[in-house]
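The values are calculated or read from the model by the stated rules, or taken from the named source; none is laboratory data. Only a predicted model underlies this, so the values are computations on that prediction, with no experimental measurement involved. Cβ coordinates were reconstructed from backbone atoms using ideal geometry, including for glycine residues, and neighbour counts include every protein chain displayed. These accessible areas exclude ligands, DNA and RNA; they are computed on the full protein's heavy atoms, side chains included. Shrake-Rupley method; radii C 1.70, N 1.55, O 1.52, S 1.80 Å.
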Amino acid sequence: MKRDSLGKLALGLATGTAFGAILRRGGASDYDLIVNQLLLRDGAIARIMSTAAASGSIGTHALRAAGATELDVKPFHVRSVVLGGVAFGAGMAILGYCPGTTLAAVGEGRRDAMFGLLGMVAGALAFIRVYPHIKEVVEATDLGKVTLPSATRTSPWPWVAGLAGLVAAPALVGRLLAGR
């Protein structure tokens, strides 16, 4: 197994800490805000996460175009994605946090998040034990290393621009309507 350098691990810790601080500053570690998003009463979390996805997409493809990184696309196993999505959604609905916001809330000293972190660790350990027994079933629907640009034989930039446009459109419409 390849081991990462100390510098790479330190960079990961620093960027993870910065990400947690940004989540905290944006209110994404607020249980009530997350629950209101799940109940479709508030769209702040959706705006935060879609902005993060658009920014990450722009950064990833800009770094790739500059030759500073490579994409490591994982195989698309439909059953794995569905089962993982159900587990993620159930955990988020029960706890009121996603993994990233759980860690931000733990950093704030929130006891509910600390129990959630213990549950995440227990779930990860259980998955490690069960996976060899279910691997064949969940990986049976392998569609390969597919991305939207590879599936459509296009550049990633129209997809990145479309994502950025989808993120920016509600804010622009809101400002236009407020200006009336």
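In the assembled protein chains, Phe127 presents an accessible area of approximately 110 Å² (probe radius 1.4 Å). In the chain, a dipole from Cβ-located charges (positive for Lys and Arg, negative for Asp and Glu) runs towards its positive end, and of Ala178, Val138, Ser150 it is Ala178 whose Cα lies farthest in that direction.
Accessible area per residue, 1.4 Å probe, Å², for the chain: what's the number?
Numbers: 12930 Å² over 180 residues.
It amounts to 72 Å² per residue over the chain.
Within region 17-66, the proportion of C-alpha pairs whose separation exceeds 15 Å stands at 54%.
Here the accessible area of the chain is 67 percent carbon and sulfur, with a 1.4 angstrom probe and all protein chains present. Screening the chain for whole DSSP H helices of 24 Å or more along their axis (Cα) with average Kyte-Doolittle hydropathy at least 0.5 returns 6-26, 44-65, 78-95, 111-138, 156-178.
Accessible area ranking (1.4 Å probe, heavy atoms, ligands and nucleic acids excluded), largest first, for Ile58, Ile94, Ile22, Ile34: Ile94, Ile22, Ile58, Ile34. Annotation: Ser155 carries an accessible surface of approximately 50 Å², with a 1.4 Å probe and no ligand, DNA or RNA atoms counted. Give the distance, in whole Å, between the Cα centre of region 54-94 and the Cα centre of region 98-136. If you average the Cα positions of each part, the centres end up 18 Å apart. Of the GluC sites (Glu not before Pro) found in region 65-167, those in coil by DSSP whose Cβ has at most 16 other Cβ atoms within 10 Å are Glu70, Glu108, Glu139. Label point of Val137 set 7 angstrom out along Cα-Cβ; within region 63-87, amide nitrogens under 17 Å from it belong to 77-87.
Per-residue ellipticity at 222 nm computed for the chain from its helices equals -25000 deg cm²/dmol, with DSSP H segments shorter than 4 residues left out and the rest contributing -39,500 (n - 2.57).
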